[in-house]
Amino acid sequence: MTLDHLDNEELLRLSLSAIESDRDADAISMLKEIVARQPDHFQAVYLLAAQHAQIGMFDRAESEFRAAVEMAPDFPVARFQLGQLLAMGGRVDEARGILQPILEARDALGAYSRAMIALAEERADDGLREIETGLALPQPIPALANDMRRLSQSLREAEPEHAPSAPVYLAGYGYGRPGGVE
């Protein structure tokens, strides 16, 4: 498939369709094309990071999430996903630093951020409590809420010594623009 005749808006919409249809290779190809054309295209950089995380390419995902956070420091979802990735890798202090602007928020994302830190610090009970707190709040990102429900379930079912310490569910939460999730 040649992408030369498609503009960036078309490529972005088609990449979203590919993501929703679990066509990772197509999505990555289209997102890379957008970034090659326009390196500061926030949505493409963010979604490419999420796709790389989804397929287990965490080093690339980290670099791209960092770029997305730098491009849009007030977009909390990119910040959350970078913090989550760092926590999963046992880099708790770095995760806390990245998540700092949203850790005190009294919304679902703030609770989930506190949960990621607690889980990375092997405080499963605190992590579970924060997840449950977050789930009781309005959910602006349904995919994230679903992942947190699954994580909550696995934490409740796990033996204490086998509880997940820093899970990662990087499904590309929201395809929004800086300042909000669409």
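Take the conditions in contact with a Ser or Thr (Cβ under 9 Å, 6 or more places away or on another chain) and open to solvent by less than 80 Å² (accessible area, probe 1.4 Å) and apply them to ASP107. Does it pass? No: the conditions fail for ASP107.
Note on segment 88-162: enclosed helices (runs of 4 or more DSSP H) holding 1 or more residues that are under 22 Å from GLY56 (Cα atoms) are 92-103, 108-120, 142-157. Residue pairs whose Cβ atoms lie under 9 Å apart, sitting 6 or more positions apart in sequence or on different chains, and linking a residue in segment 68-84 that is at positive phi to a partner that is outside any loop (DSSP other than H, G, I, E, B), do not occur here.
The values are calculated or read from the model by the stated rules, or taken from the named source; none is laboratory data. Just so we're clear, the structure is a prediction, and the values are computed from it rather than from any experiment. Counting neighbours? That spans all protein chains shown, and the Cβs are built from the backbone with ideal geometry, glycine included. Calculation scope for accessible area: heavy atoms of the full protein, side chains included, ligands and nucleic acids excluded. Shrake-Rupley method; radii C 1.70, N 1.55, O 1.52, S 1.80 Å.
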